[in-house]
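Note sheet for the following structure.
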Amino acid sequence: MTQGQRASGQDAVAHSKEGFKPLNTSNFSVAYHFNQGHCSRPTRLKNQTLELDFDASKSCPGAPFPVEAERSVHPQTQPSALFKPEQGSVMSTGPEQGTTQLVKLYVLGPLGLFSAGDRNLTPRGKKAQGLLALLALAPRGQRTRVWLRDKLWSTSDEQKSASSLRQTVFELRKDLGALADEILDINRMSIGLRLDRVWIDHATVMGDPAQLHELEITEDTELLEGIDVVDEEFEDWLQMERQIWYDKATDLLEAHPRPAPAARPTPAQTRGLLVPARSTEDLSETQAPQTCSIGFLPNIQQGCDGATQHLADYVLEGVARNLREFEPVAVFDFRDPGVHSDRFTNAFETEYYTRVRTLQVRDSLTLTFFLYRSSRMALEWSQSIQTSADEIVQNSMLLEGFIAQNVDRMAKSMFEDRLRMLDNREDWPPKVGYSALNLMFKLDENALSNSESMLLRGAESEEDSPIYPALRAYLTTFKLGENMGVLNRGELEDARANAEAALGQNPFNSISLACIAHVMGYVFHEHDMAGGLLEQALNLNASQPFVWDHYALHKLYSGEFEAAYRAAERGAALGAFSPISYSYDTTLAMAATMAGDHRRAIMAGQRALRKQPRFAAAMRYLLLNYAKLGREAEAQEMFTRLTAVDPDFGDPEVQKERFRFAQKQDETNVLSIIKRLTS
């Protein structure tokens, strides 16, 4: 939903794709790395490397696995062509200078620090991570102790902040072990990185823009994605650095476009399968699959008891259900080896395979989700969650959050890859519901127009899918709430017609129901109908952050602020890794504002603006909270910033339209605050 509308109340990118190499064994190992981002349960998601041993001896009809898997990690936490570790303990990255670099430091995407042997050295503490980030982006890799204290402990006195910095350096040295003295340069006045021993991705792409594509960095790659250091000075620094990076990355990518890809082999060519009753001409580029497709591989369960043995299937099926609400997705289930192969006639076209590993040691439980890309016969990425068996059975939020995180990452891998293929393919039907929704949230009129064009094409190719008309109706809320384009009577009538069409086609898709509900409540003020649709959406699928977010907005419109606050917290937690997570943060800021938790509202609003600096709804609520806490200078600054993106906001009638409060008293209070600021 637009957060103009909310007024009223990266991604992870794919891991490196190293090929599968057959070895003389029936087992294979996969090294996994997952970087914690903003999460409501940071103790549950760990920064770590796990070695996972798979029993690949069981065969699956039609599936290309099991095979031997090479190490595969995030492309921005992987040496790729830039780093080919030599024999020994160091990597050679600058032979012409005769230098050796001992570690790789990644700040584009999630923060990651790795040794030459790809051992994960990423600091565990948040302040230690922040310290490493500050040094990585510093001139010459060095900062004074005073400067570092001001960024990490800005509210502490000199003695306490100095002590905290010493403790953080101690923790960092402990995490680095013997490498600490090799890569850190520490003295009484300053702390720095030895740049001849530390390779940094940011410095690399600035010096050689061609490495942007080698490292799979795009305009959506966020600087220090997910880093969570609670200090306003650090957050201000991070916001500024992200804006600098965004501007620079845009310029570099425009000046150095991605080379044209080589001709893509057909699935049958890639896998070497014998496909009866179809010729190679039938598998040509002009006969591409009509839908995205995934295959379920047999899950791996070790030590599971009766209470946990169902979890792997629950995660797989939950991910598939959520994906299918965005796009038509074909699912081939290879989990039962006894199923007759006739059921898998079209399985050779499967683009992705998934499996879940459940490892239980007494009460400790680790769930790991794997995504494989069949065209490369490689692990695309993996992601884990660790908790106790009792808690994951009793607390559905943990499992739903894990499902939502994997859905967001899979959607990026699956749908956005297909969208890029459309650039030169007029005949390939666009499976773009997910991408069209993300384009809306870019808050750009051109992106909004492109989103509408995609949805029109999608509706032509998938006439029975409710998601396309639902999203077309939803698109009108951006024009109303974010001052994007003109919303005339004809478009309002079209929005209602599209909402009715989507509801008539399929009333069992939670995403389309949430879209329709928001249109009916925010645009047409039919809040009773909106509430019923959202209740139905939650009953259908309680693991969709998009649904919880819009349920929170509805409760805000209805004046039920505590219920809105609880729903917004859940939506923000489930959607922490979504490309539109800033939207969920803004809803949380809105709900916290109305519930009277102004400090929480400011933190959520600031987090939203760090991710999307042009989001007017987040600015509106930050303005209110600054004013309520007596932070007049910041409120004035935010008003100036807001009117730069929404010039009409100074008009009280426009303010009413932007906030859309259901209660007259709430509207009066807010308008009086704004009037005081502008008088």
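Given R₀ = 22 Å, FRET efficiency for Ser375-Thr218 by Cβ-Cβ distance, to 0.05? Efficiency for this residue pair is about 0.65. Rounded to the nearest 20 debye, the dipole magnitude of the stretch 570-679 is 340 debye, with +1 charges on Lys and Arg beta carbons, -1 on Asp and Glu beta carbons, and the Cα centre as origin.
When the Cα positions of Ser672, Pro647, Pro579 are compared along the charge dipole of the stretch 570-679, Pro579 comes out farthest toward the positive end, with charges on each C-beta of Lys, Arg, Asp and Glu.
How large is the Rg to Rh ratio of the stretch 570-679 when both quantities use alpha carbon positions and Rh follows Kirkwood? Result for the stretch 570-679 is an Rg/Rh of 0.95.
Charge tally for Asp236 (other residues, Cβ to Cβ under 13 Å; Lys, Arg +1; Asp, Glu -1): -4. Placing dummy labels 7 Å off each Cα toward the beta-carbon, the span from Asp390 to Asn446 is 5.7 nm.
From the residues Met440, Gln536, Ile511, which one has its Cα farthest along the dipole of the stretch 432-541 in the positive direction, the dipole being from +1 and -1 charges on Cβ of Lys/Arg and Asp/Glu about the Cα centre? Checking the options against the dipole of the stretch 432-541, the answer is Met440.
Between Asp336 and Asp181, the C-beta separation translates, for a Förster distance of 56 Å, into a calculated FRET efficiency of about 0.50.
Values quoted throughout were computed directly from the atomic coordinates according to the rules given, and no laboratory measurement underlies them. Please read these numbers as outputs of a predicted model, since none were measured by experiment. A quick note on method: Cβ atoms are made from the backbone with ideal geometry, for glycine too, and the neighbour counts reach across all protein chains shown.
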